[in-house]
Amino acid sequence: MRYSGFKILKEALSGHKGWTPAWRDPDPKPQYDIIIIGGGGHGLATAYYLARQFHQCNVAVLEKGWIGGGNVGRNTTIIRSNYLLDGNEPFYEFSLKLWEGLEQDLNYNAMVSQRGILNLIHSDAQRDAFMRRGNGMILHGADAELLSADQVRREYPFLNFDNARFPIKGGLAQRRGGTVRHDAVAWGYARGADSHGVDILQNCEVTGFRIENGKCLGVDTSRGFIGAGKVGVAVAGNSSRIMAQAGMRLPIESHVLQAFVSEGLKPVLPGVITFGAGHFYCSQSDKGGLVFGGDIDGYNSYAQRGNLPVIEDVAEGGMALFPGLGRVRLLRMWGGVMDMSMDGSPIIDRTHIDGLYFNGGWCYGGFKATPASGWCFAHLLATDTPHAVAKAYRFDRFRRGRMIDEKGMGAQPNLH
Ligand SMILES: Cc1cc2nc3c(=O)[nH]c(=O)nc-3n(C[C@H](O)[C@H](O)[C@H](O)COP(=O)(O)OP(=O)(O)OC[C@H]3O[C@@H](n4cnc5c(N)ncnc54)[C@H](O)[C@@H]3O)c2cc1C
């Protein structure tokens, strides 16, 4: 079924009886050409591009819970391609371009909103660093604009420009950045993949791999054994647990990241603002709620909820930047499990086990990567070669010392 304005009108006039489920609920087949473990954004996008780009339709996505229940439905919805390093910028710019055409491609309203993102500048050193990053972005074909304090003030008059510790001295803007409705991305990719014949198997937890003579033959699941020619793992925060079942230890730690939403307000923030110096970022949803967050909780965990000290820390950061926030009530908050890699950048690669492929280490920036991650993982699974923009995301970079460390933090996953 194609969605359109005409279809909505027709259904409105006929009692909404003509809508069909957006994807099927099939029983598992005994064998698939390719199995993707994890029905988050990355797993579903991989299945969609496998079918649409690479004509691989005998594919199943295995999800232990429900579509959109993981980080894809828990993030703060920001998309951007404002990276500095060569290994990252072309990948994230490719992703942003895919976002720009995604709704037409999927025939699904994912509420892609290029309302812009602004990284605030509080010191001369930070201005130098952001200018360098902006130049790097422009060299890779992305857009970047350095704003003065007055320009920022015109767009964001409610911020505290004269904070003694963090005065606002300008910002690095990427106008093509913005937000996308997170769970709609999962639903849109699920519907798109299903329409090409991909089986989406919810409530199907993978409990082990069947590996014989160095080759992965399939997976044991809560719904029985399912055979596969190739198995791709895209389980984000659960990466270490799943890959341990294949005997692999990853350069990844799991940490909790929290998100917060306030009560609805009249428009106060036109775009996304990030206050890196104070560990706070914020945007305003279309319903009016302020959507904000800060740092990860800082200890290893697989729990999808966080702790009070970080809430206090995020609220302090918010108040330093945006004093009016103190008058706003917090409506809800939640946590997600982040797959934090040792250099803060992801991995899309084959493993040493024949037929077993891995996608993970997205840290807290994997939502914006969803389309490119799916495309590049599908490319790898279909052709056994890395996509040009994902060549740097190999396991062996940790052995060879070729880190992609945007923040320059070293092997400290909790700080990336
Ligand atoms: C609070 C918060 C804010 C964030 N903000 C942003 C942001 O603004 N911008 C941005 O770019 N990124 C952001 N992120 C990061 C982003 O959400 C993630 O990097 C990205 O969603 C991870 O990929 P995914 O969508 O595939 O993960 P998930 O949606 O977590 O998908 C993984 C799936 O694997 C399933 N799974 C796990 N184990 C098994 C098993 N054994 N068998 C079968 N299935 C299994 C899980 O149930 C889950 O559904 C944020 C994350 C959080 C938590």
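What follows is calculated from the coordinates using simple rules that are stated; it is not laboratory data. Just so you know, these numbers come straight off a predicted model, no measurement behind them. Please note: Cβ atoms are built from the backbone with ideal geometry, for glycine as well, and neighbour counts cover all protein chains shown.
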| remark: With the label point 7 Å along the Cα-to-beta-carbon line of Met409 and a cut-off under 17 Å to each amide N, the hits in the range 333-366 are 336-347, 361-366
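Estimate the FRET efficiency between Arg2 and Ala125 by the formula 1/(1 + (r/R0)^6), using the beta-carbon distance for r and 56 Å for R0, to the nearest 0.05.
0.60
Contact order normalised by length for the range 321-416, with contacts defined as Cα pairs under 8 Å and 6 or more residues apart; what percent is it? Could you put the intermediate results ahead of the total?
On the way: 107 pairs, mean separation 32.5, N = 96.
It rounds to 34 percent for the range 321-416.
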| query | How do His279, His122 rank when sorted from fewest to most other Cβ atoms within 10 Å of their own Cβ? | reply | His279, His122
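How do Thr383, Thr20 rank when sorted from fewest to most other Cβ atoms within 10 Å of their own Cβ?
Values: Thr383 10, Thr20 7.
Listing Thr383, Thr20 from fewest to most nearby Cβ atoms yields Thr20, Thr383.
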| note | Mean Cβ-within-10 Å packing, highest first, puts peptides 235-243, 65-73, 45-53 in the order 45-53, 235-243, 65-73
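Report the gain in length on full extension from Gln104 to Asp384: 0.36 nm times residue separation, minus Cα-Cα distance, nm rounded to one decimal. Don't skip to the answer; put the middle values down first.
Working: separation 280, 0.36 × 280 = 100.80 nm, distance 2.88 nm.
Length difference between fully extended and current span is 97.9 nm.
Name the trypsin sites (Lys or Arg not before Pro) in the range 284-361 that are in a loop by DSSP and that have at most 13 other C-beta atoms within 10 Å, would you? Display every interim value, and only then the final one.
Numbers: sites: Lys287, Arg305, Arg327, Arg329, Arg332, Arg350; in loops: Lys287, Arg305, Arg329.
Sites meeting the loop and neighbour criteria: Lys287, Arg305, Arg329.
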| Under 20 Å Cα-Cα from Lys266, which lysines qualify once same-chain neighbours fewer than 8 residues away are excluded? | Lys287
| task | Find how much the distance from Lys10 to Lys391 grows on full extension, using 0.36 nm per residue of separation minus their present alpha carbon separation; answer in nm with one decimal. | result | 132.4 nm
| Based on DSSP H assignment, which helices of the chain show an axial Cα extent of at least 15 Å together with a mean Kyte-Doolittle hydropathy greater than or equal to -1.0? | 41-54, 89-106, 124-139, 182-195, 308-321, 370-383
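Compute the relative contact order of the chain as a whole-number percentage, counting only Cα pairs closer than 8 Å that sit 6 or more residues apart in sequence. Write down the numbers at each step before the final one.
On the way: 957 pairs, mean separation 91.1, N = 416.
After rounding, I find 22 percent.
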| field | Mean Cβ neighbour count within 10 Å, used as a protection proxy, ranking 209-218, 157-166, 133-142 highest first | value | 133-142, 209-218, 157-166
| request: Output the relative contact order of the range 28-80, whole-number percent, from Cα pairs under 8 angstrom with separation of 6+ residues. | output: 41 percent
| query | Hey, how many Å between the Cα centroid of the range 125-184 and the Cα centroid of the range 12-55? | reply | 38 Å
| remark: Note on the range 214-277: alpha-carbon gyration tensor, axes a ≥ b ≥ c; rule is a/c under 1.5 for rounded, else prolate if a/b larger than b/c, else oblate; result prolate
| field | Span from the the range 291-328 Cα centroid across to the the range 353-380 one, whole angstrom | value | 28 Å
| remark: Stretched fully, the stretch from Lys97 through Trp334 gains (0.36 nm per residue minus C-alpha distance, one decimal, in nm) 82.4 nm
| request: For the range 76-182, take the alpha-carbon Rg, divide it by the Kirkwood Rh, and send me Rg/Rh. | output: 1.02
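For every helix of n ≥ 4 consecutive DSSP H residues, a contribution of -39,500 (n - 2.57) applies; sum these over the chain, divide by its total residues, and give [θ] at 222 nm rounded to the nearest 500 deg cm²/dmol. Mind showing how you got there, number by number?
Working: 10 runs with 116 residues, N = 416.
My calculation for the chain gives -8500 deg cm²/dmol from helical runs alone.
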| field | Alpha-carbon Rg with Dmax, taken over the range 200-316, Å | value | 20.0, 62
| task | Take peptides 176-187, 258-269, 194-205, 33-44 and line them up by average Cβ neighbours within 10 Å, highest first, as a rough protection proxy. | result | 33-44, 176-187, 194-205, 258-269
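Order these by the 10 Å Cβ neighbour count, fewest first: Tyr281, Tyr3. Display every interim value, and only then the final one.
Working: Tyr281 24, Tyr3 15.
Listed from fewest to most nearby Cβ atoms, that is Tyr3, Tyr281.
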